[in-house]
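Colleague: Handing you a structure now.
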Amino acid sequence: MTLGVLAVLAMAFTMFAGFWTDWLWYRSVDYSSVFTTTLWTKIGLFFVFGLLMALAVGFNIWLAHRMRPPLSAMSMEQQNLDRYRMGIAPYKKWLLLGITALVGLIAGASASGQWRTWLMWVNGVSFGQKDPQFKLDVAFYAFDLPWYRFLLGFGFAAVILSVIAAALTHYLYGGLRVTSPGARATSAATGHLSVLIGVFVAFKAVAYWLDRYGLAVKSSDFKATDNWTGLRYVDANAYLPAKTILFCIAVICALLFFATIWRRTWQLPLIGFGLMVLSAILIGGLYPAIVQKFQVQPNEQAKEAPYVEKNLAATRDAYGIDGTQVTDYDGKSDTKDLTKLRDDVGDAASVRIMDPNIVSPTFQQLQQMRKYYAFPNNLDVDRYTAEDGADQDTVIGLRELNLAGVDKQNWINNHFRYTHGYGVVAAKGTEVDAEGRPVFTESNLPSEGDLPRYEQRIYYGEKTGTYSIVGGPQKEIDYSDDSGEKTTSYKGDSGVNLSNPVNRAAYAVAFNEPQILYSGAIGEGSRILYNRTPKDRVEAVAPWLTIDGDAYPAVVDGQIQWIVDAYTTTNGYPYASRTTLGDTTADSLTAVNDNRAVVAQQNQVNYIRNSVKATVDAYTGDVKLYQWDTKDPVLKTWMKAFPGTVESKSKISGDLMAHLRYPQDLFKVQRELLTRYHVKDAETFLSGSEVWQVPDDPTNKSGDAVPPYYLSMKMPDQQQQAFSLTTTLTPNGRDNLSAFMAVDAEAGTDGYGKIRILKLPTSTTVDGPKQVQSQFNSEQDIAESIRLLRGGDSEVEYGNLLTVPLDGGLLYVEPVYVRGGGLKYPLLRKVLVTYGGQTAFEDTLDEALNKVFGDEGATTPEPPDEGDDTGDPPPTSSDPTVQEALDDAQEAFDAGQKALKENDWTAYGEAQKDLEDALSRAEDAQAEAASGDDKNGGGKSDPSPAPSGSPGSGGSDSG
């Protein structure tokens, strides 16, 4: 008995610990209303529907028992059951309570899972749009119909269980007979069961009526598209009238069952039930098949066209692609002036040669500083203000805590001493230094650089998957510098206070960690931090949102803020085709990178809005939800259900607005839909002649879709560059280019969210990404260079293949990285460029562009006047100091080229340093000579050129 009591108490406290810790956590993040609203909704649904189910089943058991025939009237078969009746007689009440309690618990638990459906129904907001068939507001399908279907399903379950329970009770007490001669049921049993079956048939009638509206959101296979949703010709002209007829038949059949209360015979109800089943087969199945076969198929396009037009309009509206601008684009330039084209490159795009999905190991090697720090597998692209005041594409990552790098693994180290990461590391997206390394704008430990002062400690991040206990007697390791290890103690108010012994006991049970209860490292002021990834925190405070797979950091108002895009969705938008978010948002990055997850939602949706922008403070863990789409009725519905949880859009600060961007997952969903829904006429849609596809990523062999890329660029109708999200599209089953797609991703601008598609002509062939990559790999000189780069143990990694519209043509740029020669991180060694059939593979972007266009353009300094076009070297300076420096520079350059061929990257780096030093000495010496000439009245001479291929001749990208 003692063990039993202890076991019950242990189970009770375990349940209490889960509840209590959840409550404490929600209270700590100031979202306790989410916890209480969700909890009370679940409790209410549990008790209401559990009680209804228990009453329904219990009442019918009691009624069947009450209607039992007298014992004298029972047959021999029933008298043989007497021992069972006698056995349960002393426990009838307890047995009745047990059965009803069991079915009530099961029904209540099932109903509590429908809390979202209930909240959406009771708080539903009008869409202001009506479906084209029934002229009902979209809110009926999105909010009302799911709740009605749940009620109907609950009713069916209650009736079926009641029929089973009543039939067993009637049989046990003699109301039903199986083997005995004569009547099989008493008149009381007949009437009782007939009424229950009549209620079942009445529910079926309601189901037929709701099925009429369900046709507007029904998915079906249709050759025009996968996951077709809405009525087609056969639905409107066969299924719809069939459902109406079946509804009428079911109502009549239900009335016949109810009539057995007076007639006491099954004859008419069974005839009616048979008629309903036969009608369901003939009218609900055979008739639509005949219509499809003999009316639709012979003239399908004409029959289906009106319904396809409805699907086109609804799908484009539901996914926010109705405003997509499709423009014809030649794909080839007619400009003969190559100098102008070369000059236009800088105006067309700020070409990012720093691939955030490649250079994470480089950041790790150069900026990790300590083993217990790490960067995510793929970094992020954001915009920060450069020294000249212009926006600059920046690759950014946080130096997060990596417990796997802690030398001594124990409970104190893992949860008390190593608690946070430290600092932002950022680099220019368009430049590398002479050795192919990032040009950091924020680096070192503590981080310093171009960013304004900010709180550098990172307690919440994508790699903080475990809990930490901070703020107590145990000091935390802050960071290390030349003077030694620094310690700190958390000063924020995040987390849950562990000073309370009840809280400590609850967390000891919830985390299965007894040491929390008695450890001396926990004391006054100790706080436990958990649920620390940005995605987990936003999902917890807003369980009604779907979270984007990629949170990204930004320095905002003196704090590191994780920015999280969140979506509202529904699968009840009439006529809009469905898609599966998990499949649509998968690409070559989600397949290999741990921090860029696929959207977890695998169920199908047919409406999506990026309605919320959320932030998570990396130091305090504060979560803020901002209303981004102010017109979204789904968000308005949830805001009614959870008042005060979402702040207005006006609360977004200017600094935060500068870092908000168009989300990748939404863009991937939209581009997938636009492969078919870029057309607006039904005939073209049905023919399938304009179907596109998202190409596979040509830079690797994963076979997964190419990811979209952020890039500052200018589309043909834009006056200046805009931060954009871009992708390419190819014809279905082919590799040439069909279209280039971009969306203005810069929040706070008038053009934000505007999707533009440049449609290539079908009469000519323009190379797509895979063909461009094959062209790179097949050219003999390039292939030989890549073979040399792969010498020894070196590996060649292709960066993002960027596409830029340029004067009617398309410019492709791809950085090429080399990892090897003793280095375990990739360095940019070459840049591939192609335009108009011309391809270049050079050390820098400027050199590659110069080779492709055959001209240096205005962005490259003009060559000195000396020399001629015969290839003779220009005369050198007569100044012996200058000449000596130039000789040293040529010697260093030759040494660097030799080291490059031998894949000796250490020697190459030293040679580059010597080269820079020699060029600097030459420049200083020549400046002194020029100054002397000016003082003596002489003319100023031109500086001598740098050796060919040196960093000094490579333009801005050479550093």
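Colleague: Can you check what the net charge comes to around GLY155, using other residues whose Cβ is under 14 Å from the Cβ of GLY155 (Lys, Arg +1; Asp, Glu -1)?
Modeller: Computed value for this residue: +2.
Colleague: Okay, next question. Given the pairs LYS336/LYS701; LYS701/LYS830; LYS535/LYS631; LYS624/LYS824, which are separated by over 32 angstrom at their Cα positions?
Modeller: Violating the 32 Å limit, Cα to Cα: LYS336/LYS701; LYS624/LYS824.
Colleague: Could I ask something else about it? So what is the diffusion coefficient of the chain in µm² per second by Stokes-Einstein at 37 °C and 0.692 mPa s, using a Kirkwood Rh over Cα pairs?
Modeller: 98 µm²/s
Colleague: Let me check I've understood the local charge: for GLU746, count other residues with C-beta under 12 angstrom from its C-beta, Lys and Arg +1, Asp and Glu -1. What total comes out?
Modeller: Charge balance near GLU746 sits at -2.
Colleague: Explain nothing, just the number: relative contact order of the chain, from Cα pairs under 8 Å at least 6 residues apart, as a whole percent.
Modeller: Averaging sequence separation for qualifying contacts and normalising by length gives 11 percent for the chain.
Colleague: So, one more: How do TYR239, TYR467, TYR518 rank when sorted from fewest to most other Cβ atoms within 10 Å of their own Cβ?
Modeller: TYR518, TYR467, TYR239
Colleague: For ILE547, ILE261, ILE61, what ranking results if the residue with the fewest other Cβ atoms within 10 Å of its Cβ goes first?
Modeller: Ordered from fewest to most neighbouring Cβ atoms within 10 Å, ILE547, ILE261, ILE61 come out as ILE261, ILE61, ILE547.
Colleague: Now for a separate question. Name the shape class, rounded, prolate or oblate, that the alpha-carbon gyration tensor gives for the range 1-61, where a ≥ b ≥ c are the square roots of its eigenvalues, rounded holds for a/c under 1.5, and otherwise prolate holds if a/b is larger than b/c and oblate otherwise.
Modeller: Since a/c reaches 1.5 but b/c is at least a/b, the shape of the range 1-61 is classed as oblate.
Colleague: Please compute the contact order of the range 461-588 in relative form: average sequence separation of alpha-carbon pairs under 8 Å and at least six residues apart, divided by the residue count, as a percent.
Modeller: 24 percent
Colleague: Sort THR14, THR590 so that the residue with the fewest other Cβ atoms within 10 Å of its own Cβ comes first and the one with the most comes last.
Modeller: Arranged by neighbour count, lowest to highest, THR14, THR590 become THR14, THR590.
Colleague: Restricting to DSSP loop positions (anything but H, G, I, E, B) with no more than 10 other Cβ atoms inside 10 Å of their own Cβ, which trypsin sites (Lys or Arg not before Pro) remain in the range 188-244?
Modeller: Taking the range 188-244 and a limit of 10 other Cβ atoms within 10 Å, the loop trypsin sites (Lys or Arg not before Pro) found are LYS223.
Colleague: The range 432-492: Rg/Rh from Cα coordinates, Kirkwood Rh?
Modeller: Ratio of gyration radius to Kirkwood radius for the range 432-492: 1.06.
Colleague: Here is a further query. Could you derive backbone 3J(HN,Hα) for the range 695-700 from the dihedral phi with the Karplus parameters 6.51, -1.76 and 1.60 (θ = phi - 60°), listing whole Hz in sequence and x where the residue is Gly or Pro?
Modeller: Couplings: x, 6, 5, x, 7, 8 Hz.
Colleague: Suppose every Lys and Arg Cβ carries +1 and every Asp and Glu Cβ carries -1, with no other charges. What dipole size does the chain come out with about its Cα centre, to the nearest 20 debye?
Modeller: My answer is approximately 10380 debye.
Colleague: Quickly rank 326-338, 41-53, 603-615 as a protection proxy: mean count of other C-beta atoms within 10 Å, highest first.
Modeller: 603-615, 41-53, 326-338
Colleague: Assign one of three labels to the range 653-803, namely rounded, prolate or oblate, based on the Cα gyration tensor with a ≥ b ≥ c the square roots of its eigenvalues; rounded applies when a/c is under 1.5, prolate when it is not and a/b is larger than b/c, and oblate otherwise.
Modeller: Oblate shape, in that a/c is at least 1.5 and b/c is the bigger or equal ratio.
Colleague: Sum up the charges of everything whose Cβ sits under 9 Å from the Cβ of GLY808, counting Lys and Arg as +1 and Asp and Glu as -1, but leave GLY808 out.
Modeller: Surrounding charge for GLY808 is -2.
Colleague: In the range 194-318, how many lysine pairs have Cα atoms under 21 Å apart, counting only pairs 8 or more places apart or on different chains?
Modeller: 12
Colleague: Let me have the 222 nm mean residue ellipticity of the chain computed from DSSP H runs of 4+ only, each contributing -39500 (n - 2.57), with the sum over all residues rounded to the nearest 500.
Modeller: Helix contribution divided over all residues of the chain: -13000 deg cm²/dmol.
Colleague: Going by alpha carbons, how many degrees (0 to 90, nearest 10) lie between the helix axis of 880-901 and the longest principal axis of the chain?
Modeller: 40 degrees
Colleague: What does the C-alpha gyration tensor say about the overall shape of the range 194-318? Classify as rounded when a/c is under 1.5, otherwise prolate if a/b is larger than b/c, or oblate.
Modeller: Verdict is prolate for the range 194-318.
None of the figures in this text is laboratory data; all of them are computed from the coordinates on show. Here the structure is a predicted model, which is why all the values come from computation and not from measurement. Using ideal geometry, Cβ is built from the backbone for each residue, glycine included, and neighbour counts are taken over all protein chains shown.
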